[in-house]
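Heads up: the structure comes next, in structure tokens.
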Amino acid sequence: VVVTGSTMDHKVIDEELFKKVINMAHEKGIPVLVDDASGARLRTAVFNQAKATELGADLVVTSTDKLMPGPRGGLMAGRKDLIDEIKVKANQFGLEAQPPLILTMVNGIKNYTEENLVKSISRKEEFYKLLSEKYEMFEKTPTGVMVSEDSLKNQIEKLNVETELSKKDCCFLWAMVLLKDFGIITIPAVGMPGASATIRIDLSTQDVIDMDLNSLYEKIDDSFEEFLELSQDVEKSKELIFY
């Protein structure tokens, strides 16, 4: 049984439901793997939930690049017998982490502090208030704000801007504007298969934690104005999306 601790949009599983699923699986003799990519920090630091292993999970995986200052990599913890089996198979396929990556992962763990996540919560409220004075499309996340495909499309329509782009393409276009002209990386711009099209601004990252929120607001505002103009030209939009 695979359980996800939190989604890409930072929606967190209820802890009682979490424990119930684990117990039900164990009653049937089924091991439980928890995908706690960002949840290992989000659930514990922000929502005061227990670690997945403390809840009885047999295996837990987390990403060292999500809500912590580490490289893109994975960590796994859990039952020794299962870890040993997985390690053997990983070595067969050459999937084990190499020494340079291990070093940066360890440094990322050492430099991680829950205070940054907690601090982002209070800054989120201030930032959301700034954005909401002009826009209706932003929603709060535990550590920042986000804009879904539907919310972005609705905002465009309310501004009476016409575009032939789909709502998903609009997200990808805005993400590319943010990246190319403002140096802001969001999930759609990374282009990973199956990635969410949601535009999410995370205030807990190392490069944003102490940034002036008014300055960040100006970047978001300017990028959106640029996106609106570009969205009305399909050919130019395609050029940037496939840049």
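The values are calculated or read from the model by the stated rules, or taken from the named source; none is laboratory data. For clarity, every value in this text was computed on a predicted model and none was experimentally measured. Cβ placement follows ideal geometry from the backbone for every residue including glycine, while neighbour counts extend to all protein chains displayed.
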The correct count of residues that are within 19 Å of the chain's Cα centre (by Cα) and charged (D, E, K, R) in the stretch 177-205 is 2
Scan the stretch 120-132 and give yes if some residue there is in contact with a Gly (Cβ under 7 Å, 6 or more places away or on another chain), at pLDDT below 90 and either outside the structural domain of E218 (by TED's automatic domain parsing) or under 24 Å from K219 (Cα atoms) (or both), otherwise no. yes
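Residues checked against (1) farther than 26 Å from K124 by Cβ; (2) assigned by TED's automatic domain parsing to the domain that holds R79; (3) among the charged types (D, E, K, R):
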| residue | (1), (2), (3) |
| --- | --- |
| M8 | no, yes, no |
| K11 | no, yes, yes |
| E15 | no, yes, yes |
| V21 | yes, yes, no |
| A25 | yes, yes, no |
| K28 | yes, yes, yes |
| L33 | yes, yes, no |
| A37 | no, yes, no |
| A40 | no, yes, no |
What are the pairs, 6+ residues apart or on separate chains, where a residue within the stretch 202-230 that is farther than 18 Å from S38 by Cα has its Cβ under 8 Å from a residue that is among the small types (G, A, S)? L230/S237
Across the stretch 136-161, which residue is nearest to the chain's Cα centre (by Cα) among those that are surrounded by fewer than 18 Cβ atoms within 10 Å (Cβ to Cβ) and farther than 30 Å from T44 by Cβ? D150
Just a yes or no: is a residue in the stretch 206-226 over 18 Å from the mean Cα position of the chain (by Cα) and farther than 29 Å from M68 by Cα? yes
Of the numbered conditions (1) in a helix (DSSP H, G or I); (2) in contact with a Cys (Cβ under 8 Å, 6 or more places away or on another chain), I220 satisfies every one except a single condition; which is it? (2)
Any idea which residue in the stretch 16-36 is surrounded by the most Cβ atoms within 10 Å (Cβ to Cβ), counting only those that are outside any loop (DSSP other than H, G, I, E, B) and of a type in the set (D, E)? D35
When you scan the stretch 161-173, do you find a residue that is farther than 21 Å from L216 by Cα, touching a residue at least 60 places away in the same chain (Cβ under 8 Å) and among the β-branched types (V, I, T), even just one? yes
Could you list, in sequence order, the residues of the stretch 45-59 that are more than 20 Å from N107 (Cα to Cα) and under 20 Å from the mean Cα position of the chain (by Cα)? V46, F47, N48, Q49, K51, A52
For the stretch 1-40, what are the residues that are farther than 23 Å from L82 by Cα and of a type outside the set (S, T, Y)? M8, D9, H10, K11, V12, I13, D14, E15, E16, L17
Of all residues in the stretch 61-106, count the ones that are part of a strand (DSSP E or B) and not polar (S, T, N, Q). 6
